1. Quick one: which residue in Ala128, Ala111 is loosely packed, with under 14 Cβ neighbours inside 10 Å and either among the acidic types (Asp, Glu) or modelled with pLDDT under 95 (or both)?
2. Among the residues of the stretch 9-44, what is the count of those that are part of a loop (DSSP other than H, G, I, E, B) and out of contact with any helix residue (DSSP H, G or I) (no Cβ under 6 Å at 6 or more places or on another chain)?
3. Quick check on this structure: which one of Phe47, Phe87 is among the aromatic types (Phe, Trp, Tyr) and in a helix (DSSP H, G or I)?
4. Being charged (D, E, K, R) and farther than 19 Å from Tyr5 by Cβ is the filter here; which residues of the stretch 89-132 pass it?
5. For residues in the stretch 51-63 being at pLDDT 95 or above and surrounded by 15 or more Cβ atoms within 10 Å (Cβ to Cβ), which is nearest to Leu129 (Cα to Cα)?
6. Between a residue in the stretch 16-36 that is over 16 Å from Gly72 (Cβ atoms) and any residue that is aromatic (Phe, Trp, Tyr) and in a strand (DSSP E or B), which pairs come within a Cβ distance under 8 Å, given they are 6 or more apart or on different chains?
7. Do the conditions hold for Ile40, that is, is it among the β-branched types (Val, Ile, Thr) and surrounded by fewer than 15 Cβ atoms within 10 Å (Cβ to Cβ)?
Amino acid sequence: MQTLYFEEKGEAEKVLKLGEKEIADLLDNEVRVKVKASPINPADLMFIEKQYRVEPNFPQVAGFEGVGTITGNGGDENFPVDSIVAFRHKNIWAESVNIPKDKIILLPKNASVEKAAQLSLNPLTARALLEELDAKENEWIIFLQEIQQ
C-alpha cells in the first residue's frame, strides 16, 4: 500500500516520501480502515519536524487523524464492514490502516468526509487551549471555528 513517510526530521515538503509499505496483520483489538481523508494539522507538521510531544520512530508514517471505511473487522459485528468511521491514531497517511477499536468513532452513512476528518484532534486542541488559558467560571471566551467546504 502507498504511504507518506519520513526518515529524518525536517520540513514536511522536504522530508516526506511516497512509498510502498506492507500493512500488518489485523490484531483482535483492531479494525482495518481504507482512508478517505486526513487533514494536515499543526500537530502533524510539528511531529515531522520532531517538535511534538510524541517522538517519531524512523522510518515513520505521518498523520494523526482521519476518516475512512472499515474494510476488515476480524468478525466483530460491532464494527460493520463498509461503515464510515473517524479515528485518531498514528501512521494515518496511508491507503489503509489498522486502528484500535477504542479509537474508532462510527459515523452515519451521510457524514461529510471533510468534516469527519477533523473530528478528533481539533476538539482536543481547543480543550488544551482552554486549559492553557486557565479560564475561570463566568469568564467570557469567544471561540471561532470554520470548516471549509
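The values are calculated or read from the model by the stated rules, or taken from the named source; none is laboratory data. These numbers were taken from a predicted model, which means no experiment stands behind them. With ideal geometry, Cβ positions are generated from the backbone for all residues, glycine too; neighbour counts draw on all protein chains shown.
1. Matching residue, one of Ala128, Ala111: Ala128.
2. 15
3. Working: Phe87 fails: in a helix (DSSP H, G or I).
The match here is Phe47.
4. Initial filter on the stretch 89-132 (charged (D, E, K, R)): 90, 95, 101-103, 109, 114-115, 127, 131-132.
Within the stretch 89-132, Lys101, Asp102, Lys103, Lys109, Glu114, Lys115, Arg127, Glu131, Glu132 meet the criteria.
5. My answer is Gly63.
6. Matching pairs, first to second residue: Leu16/Tyr5; Leu16/Phe6; Lys17/Tyr5; Lys17/Phe6; Gly19/Tyr5; Lys21/Tyr5.
7. Answer is yes for this residue.
Rundown of residues vs (1) without any contact (Cβ under 8 Å) to a residue 40 or more places away in the chain; (2) closer than 26 Å to Lys17 by Cα; (3) part of a strand (DSSP E or B), yes/no style:
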{"residue": "Val54", "(1), (2), (3)": "yes, yes, no"}
{"residue": "Gly66", "(1), (2), (3)": "no, yes, yes"}
{"residue": "Gly75", "(1), (2), (3)": "yes, no, no"}
{"residue": "Val81", "(1), (2), (3)": "yes, no, no"}
{"residue": "Ile92", "(1), (2), (3)": "no, yes, no"}
{"residue": "Asp102", "(1), (2), (3)": "no, no, no"}
{"residue": "Leu106", "(1), (2), (3)": "yes, no, yes"}
{"residue": "Glu132", "(1), (2), (3)": "yes, no, no"}
